[in-house]
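Heads up: the structure comes next, in structure tokens.
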């Protein structure tokens with residue numbers, strides 16, 4: 001089963017992203033965007049606050065392959081976890097491999113399978129990735145139904161910040177944490193935002209037949225229509 005996702009606040013376009021209204025359930029009560037802004041993590045970003053949010057649902061056994069977020073965003077990402085925990089891993093590229101060598105995530109630079117560090121994401125926790133962890137590392141979550149937590153907090157970067165009794169006990173003695181359904185809210189600042197026509201209006205223009213429009217035959221061709229047909 002693939003994880004389901006819903007994007008809000010922006011729609012991807014060729015010239016950047018088109019602006020849409022931030023949904024009320026993250027902008028009013030609770031005002032998640034303002035709370036993230038208050039951390040100061042986005043002080044240096046173009047808009048001084050996240051302006052883009054993606055909501056993903058992960059069933060037990062689902063994760064996300066190691067990846068980089070790419071240059072479309074300011075190099076800070078805030079990830080809010082709801083519902084269940086997850087072990088969030090950061091990886092680095094292998095310095096002894098050439099670009100173009102096959103790696104564990106496909107063609108490209110080979111990735112070291114041993115995480116540089118891991119963060120135990122508790123429900124209602126926020127992790128902010130910035131600096132070199134954003135610009136030159138990858139991050140991901142393994143496809144597992146349960147996580148084996150190493151004892152003594154080995155490589156768990158936030159071991160001293162854990163608040164849940166179950167997580168603390170698993171960390172203290174080494175144990176297993178079973179995953180449940182997890183919801184991830186990934187918040188970023190899109191540096192380049194289009195100020196032209198919103199995407200939905202752009203699509204509507206393609207379906208509007210104005211006889212004075214010189215591009216009408218081209219649009220009909222794209223839509224599989226012939227002149228004179230509705």
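The values are calculated or read from the model by the stated rules, or taken from the named source; none is laboratory data. Source: prediction; values computed, not measured. We place every Cβ from the backbone using ideal geometry, glycine too, and count neighbours over all the protein chains shown.
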| message | Scan segment 82-96 and tell me whether some residue there is outside any loop (DSSP other than H, G, I, E, B), closer than 21 Å to residue 126 by Cβ and modelled with pLDDT under 90. | response | no
| Those residues of segment 35-75 which are over 22 Å from residue 87 (Cα atoms) and touching a helix residue (DSSP H, G or I) at 6+ places or on another chain (Cβ under 8 Å), in sequence order | 42, 48, 49, 50
| Hey, among the residues in segment 137-158 that are over 19 Å from residue 58 (Cβ atoms) and either modelled with pLDDT under 85 or exposed (fewer than 14 other Cβ atoms within 10 Å of the Cβ) (or both), which one's nearest to the chain's Cα centre (by Cα)? | 155
| query | Is segment 38-49 home to any residue that is in contact (Cβ under 8 Å) with a residue 60 or more places away in the chain and within 16 Å of residue 124 (Cβ to Cβ)? | reply | yes
| Residue that is modelled with the lowest pLDDT, among those in segment 12-32 that are assigned to a strand (DSSP E or B) and crowded, with 16+ Cβ neighbours inside 10 Å | 13
| Selection within segment 51-67 - at pLDDT 90 or above, surrounded by 14 or more Cβ atoms within 10 Å (Cβ to Cβ) and outside any strand (DSSP E or B) | 59, 60, 62, 63
| request: Within segment 163-187, track down each residue that is over 17 Å from residue 90 (Cβ atoms), surrounded by 19 or more Cβ atoms within 10 Å (Cβ to Cβ) and either modelled with pLDDT of 90 or more or in contact with a helix residue (DSSP H, G or I) (Cβ under 7 Å, 6 or more places away or on another chain) (or both). | output: 171, 177, 179, 182, 185, 187
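Name every residue in segment 33-45 that is loosely packed, with under 14 Cβ neighbours inside 10 Å and assigned to a loop (DSSP other than H, G, I, E, B), in order of residue number.
Filtering segment 33-45 down to residues loosely packed, with under 14 Cβ neighbours inside 10 Å leaves 34-35, 38-40, 43-44.
Residues satisfying the conditions are 39, 40, 43, 44.
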